[in-house]
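Data block below; observations after.
The values are calculated or read from the model by the stated rules, or taken from the named source; none is laboratory data. This is a predicted model, so every value here is computed, not measured. Note: ideal-geometry Cβ built from the backbone for every residue, glycine included; neighbour counts use all protein chains shown.
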């Protein structure tokens, strides 16, 4: 008899507990007894694995347990667990009133995936970063969000590019181009083609960019210029430099690049003209000064090697030497100690028969050699 009474009481208590377990858990959470609530949730889910509220509360507890100093890998593991629970809760009963809250939680979780993806990207864990960024996109889709942060596409594109998943990178750069007014993805796509030595697609990408975004033509032309200088195609570089100068003729950087291209194309006189124009706008362009000094130094050395110098040759030799020294004086103190700069000075003082300065430079050259 006592056993029957106990059994009946147990059944009644079990039914009462089953009906009120969510209220008990909510009460525990309100009292900040999270560990107790979590134990009760886990036990309850064993018997009722599709209870939307239990799934929701378990997800929130895990989400709130993530600490800022947790490793990105631990964060991703926990975030994926939360994502799974949210997805399950939503699929169990899409009409449940709790789902409006779930949609907001999707957006919060999406941001956490994004921040963790950035942490992984900065660590060089590009594969894991891509997974985190893709989870961000999926959660935005779940939430039916219309205000997708396009920076996520940028993050995915850059992580994919770093991971040498170039097709995926191009896919996301193109999404940015299709949905925003941003022009930078053209540069990044062209860079990918350059990395893969695909000159035709590099050219066509930038040509499309110029056609679609004419306002930013100079930026695209700069890519053409830099690429052709890099592959030592100086005549082609000059073509794009001159096209850019039609819009920006007094740009000292373009004038410098024009001078450098002429110099490397063995057209020193045109290089001198470009560098001097550059210095008339930017008098502190040390690179232009250095290159001018190098050109005049070469002219001086070439002339000094002639077997016989006439009066004009001697005059020009001294002129070239003085030009070298004139431009070298604009270099920084550190650049003044460069071995080649010291060598140029030494040769020029030798040409000018300035024994005092020549001896000083010789001493500096010796010090520089001893210190190496």
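A few remarks follow.
- Flag for residue 330 being without any contact (Cβ under 8 Å) to a residue 60 or more places away in the chain, over 19 Å from residue 229 (Cβ atoms) and buried (at least 19 other Cβ atoms within 10 Å of the Cβ): no
- Single residue of region 175-205 satisfying the filter (outside any helix (DSSP H, G or I) and under 16 Å from the mean Cα position of the chain (by Cα)) that is modelled with the lowest pLDDT: 182
- Residue among 343, 299, 364, 358 that is within 44 Å of the chain's Cα centre (by Cα), more than 25 Å from residue 271 (Cβ to Cβ) and free of Cβ contacts under 8 Å to residues at least 40 places away in the same chain: 364
- Against the numbered list (1) at pLDDT below 75; (2) within 29 Å of residue 110 (Cβ to Cβ), residue 11 comes up short only at (2).
- Residue list for region 153-191, filter: surrounded by fewer than 20 Cβ atoms within 10 Å (Cβ to Cβ) and over 19 Å from residue 219 (Cβ atoms): 162, 163, 164, 165, 166, 167, 168, 171, 175, 178, 179
- So residue 54, is it modelled with pLDDT of 75 or more and more than 33 Å from the chain's Cα centre (by Cα): yes
- Qualifying position, being assigned by TED's automatic domain parsing to the domain that holds residue 346, assigned to a loop (DSSP other than H, G, I, E, B) and on the phi < 0 side of the Ramachandran plot, among 314, 299, 308: 308
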